[in-house]
Amino acid sequence: MGIIRRHPLAAYFVLAFGLAWWPWPFTLLNPESTAILPWSPIVAAFVVAAIATGRPGVNDLVASMVRWRVRPAWYLVALIMPIALVAISVYGAVLLGAPSPTGSQLSEWYLSIPVFFTTLIVGGPLTEEPGWRGFALPRMLEGQSALTASLVLGVIWAAWHLPVILTDETGQRPLVQYFILLTAQSVLFTWLFNNTRRSVFLAILLHTMFNTAGAFFFQMYIGTDHYQQLWWIYAGLVSLAAAVVAAVAGPRRLTREPEPTLTG
C-alpha cells in the first residue's frame, strides 16, 4: 500500500494495463475471445484513489464525473467538433478519389442515436475517461506543461489499445494512424478538460462523439482501397487541430481560464 501512496500515477498505469491485458494471451487459443477488458481504467482509478488519498480522492473523482455545469459553448465543442473533423476527413478523401457517401448512406444518420448510447455505456468513454482524464491527467499536469502531459498520455492511451489493434484481422484501426490520432486527440481532450473546470463528464461526451462519428462515416469505406488513406487524412487533420489549439490556448496550460477551484 505504501508504494501506491508514494507513486499513485505509476500504480494507476500498472493496474489499468494489467487489468486490461490479462485476457490477451487467451486470444491465441480462441481468436473470437476478447483481447482487452475496457473497464480497467475506471476500476484502476477508483482503487488507486481510494488507497492513495482515501475518501477525499474518491469524492473528487466522482465529482469530476458529474461536473456538467460548464459554459454551453463547450457542449457545442464536444458535440460538433468530432463530427466536423470526421466529415472533413471524408470530404478530403473524396477529393483524392474516394467515392462520395451515397444519399441512402447519409440518410441513415438516425441510426447513430442508439450507437451513441451503446458507445457511451459499453464502447469505452464511460469506463475510460474517469481513468485517463479523471485520475491520470491532473497528476501529470502537476509536473509538466499541459501539451507535454497530453502527448505522453496520448501515447499511453493508444498503447493501452494494443491488444485490440493487434488481434483485429479486419484492420479497422491501422496501428500508426491510430497512435497519431489518439496522441493528437489527447491534446483536444486536455483543452476541453482544462476549460470546463476539469469536467470528466464533458470528456466522456467528447469521447463518445468521436467514436460515434467515426463509426458512422468510416464504416462506409471499410474494405475499400481508400480506407487507409482516410485514416491518414483523419489523423493528420486532428493533429492540425491539436496544433492550432496548442498555439492559440498556449502549450503550458492549453487554456486561458484561471486555475480551477474544485469544490465538487
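Please work out if Ala73 is modelled with pLDDT of 95 or more, in a helix (DSSP H, G or I) and surrounded by 14 or more Cβ atoms within 10 Å (Cβ to Cβ). So Ala73 does not fit the description; no.
Checking the stated criteria, Ser100 turns out to be without any contact (Cβ under 8 Å) to a residue 12 or more places away in the chain and assigned to a loop (DSSP other than H, G, I, E, B). Inside region 244-255, residues that are assigned to a helix (DSSP H, G or I) and either buried (at least 18 other Cβ atoms within 10 Å of the Cβ) or touching a residue at least 12 places away in the same chain (Cβ under 8 Å) (or both) make up a count of 3.
The set of residues in region 143-173 that are at pLDDT 95 or above, over 14 Å from the mean Cα position of the chain (by Cα) and not in a helix (DSSP H, G or I) contains only Ser145. Just one residue in the set Ile222, Ile233, Ile204 is assigned to a loop (DSSP other than H, G, I, E, B) and among the hydrophobic types (A, V, I, L, M, F, W, C); that residue is Ile222. Looking at Phe26, Phe46, just one residue is at pLDDT 95 or above and either over 24 Å from Val155 (Cβ atoms) or among the aromatic types (Phe, Trp, Tyr) (or both), and that residue is Phe46.
One residue is enough: does region 207-224 have a residue meeting the conditions surrounded by 20 or more Cβ atoms within 10 Å (Cβ to Cβ), at pLDDT 95 or above and either more than 17 Å from Leu85 (Cβ to Cβ) or in contact with a strand residue (DSSP E or B) (Cβ under 8 Å, 6 or more places away or on another chain) (or both)? No. The sole residue among Val90, Val122, Val86, Val187 that is within 26 Å of Val43 (Cα to Cα), at pLDDT 95 or above and not charged (D, E, K, R) is Val187.
The values are calculated or read from the model by the stated rules, or taken from the named source; none is laboratory data. Computed from a predicted model, the values in this text were never measured in an experiment. Every residue, glycine among them, receives a Cβ derived from its backbone with ideal geometry; neighbour counts consider all protein chains shown.
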